[in-house]
């Protein structure tokens, strides 16, 4: 995952003089999710869903996690949290409850800060990776919390 | 968790036991930020789902923020061979 992400960053940087901060930011975000998805490959429903979204280039922007959406007014009688979770996890719609729980745990382990499982496979999560790039490029202690968590993860 | 069924359980196939659900819940709880190894919290399923949702939202926001940060940095600094090598050696 790290190698792919770094390659993407390098390519994106080559266009730095001719691109805007916003468009680079979108491409970096896309590269981050792509790295995650390619790392998990076809083994997981969430990664397959992400790969489908990434490969399907349409005229309108591809919806990736985190893009702001227009909130639809809802009359909330009862909040079904599993439904909310289905919207947050790629490929979640249509998953049964058990599948959803398993996919979510795997998705979080590859994207978040708690990486007990990934430690064994000697791979960081995407946030660790992005944070590490920032730290190495800028030099500590720009983001102290991140340095601490990165060194905890490595140490 | 009692035998009470919530709405979110309706999509489960009949063969799944409560124990399997509990096991999945525990695995999910273990990757959440407040997880402390060795302490077995009895947290409700609703609470785990709620924390998971808010954690996922914050993760997505962090990816957005870091992407913006990196975008600004890429214009100013160079991820040349040296930096890439450092990152690789730290991670791989």
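The values are calculated or read from the model by the stated rules, or taken from the named source; none is laboratory data. Just so we're clear, the structure is a prediction, and the values are computed from it rather than from any experiment. Please note: Cβ atoms are built from the backbone with ideal geometry, for glycine as well, and neighbour counts cover all protein chains shown.
Taking the residues in the range A:108-127 that are over 21 Å from residue A:26 (Cβ atoms), within 8 Å of chain B (Cβ to nearest Cβ) and part of a helix (DSSP H, G or I) as candidates, determine which candidate is modelled with the lowest pLDDT. Among those residues, the one meeting the criterion is A:117. Do we have residue B:66 as crowded, with 16+ Cβ neighbours inside 10 Å and at pLDDT 65 or above here? So residue B:66 passes the test.
In the range B:7-31, the residue that is modelled with the highest pLDDT out of those that are more than 7 Å from chain A (Cβ to nearest Cβ) and outside any helix (DSSP H, G or I) is B:17.
Being at pLDDT 55 or above, in a helix (DSSP H, G or I) and either crowded, with 21+ Cβ neighbours inside 10 Å or away from chain B (no Cβ under 12 Å) (or both) is the requirement here; does residue A:71 meet it? Taking the combined requirement at face value, the residue does not satisfy it. Residue B:56 falls short of the stated requirement of being within 9 Å of chain A (Cβ to nearest Cβ) and at pLDDT below 90. Here residue A:65 meets the list (1) in a loop (DSSP other than H, G, I, E, B); (2) within 12 Å of chain B (Cβ to nearest Cβ); (3) at pLDDT 85 or above almost entirely, failing just condition (3). Taken residue by residue, the range B:33-51 has no member that is at the interface with another protein chain (Cβ under 7 Å from one of its Cβ atoms), under 26 Å from residue A:29 (Cα atoms) and either modelled with pLDDT under 65 or out of contact with any helix residue (DSSP H, G or I) (no Cβ under 9 Å at 6 or more places or on another chain) (or both). Report yes if residue A:101 is surrounded by 13 or more Cβ atoms within 10 Å (Cβ to Cβ) and at pLDDT below 80, otherwise no. The answer is no for residue A:101. Every condition in (1) at pLDDT 90 or above; (2) surrounded by fewer than 20 Cβ atoms within 10 Å (Cβ to Cβ); (3) in a helix (DSSP H, G or I) is met by residue A:47 except one, and the failing one is (2).
Going by the conditions given, is residue A:78 within 10 Å of chain B (Cβ to nearest Cβ), surrounded by fewer than 21 Cβ atoms within 10 Å (Cβ to Cβ), in a loop (DSSP other than H, G, I, E, B) and modelled with pLDDT under 90? Here the answer is yes, as residue A:78 does meet what is asked.
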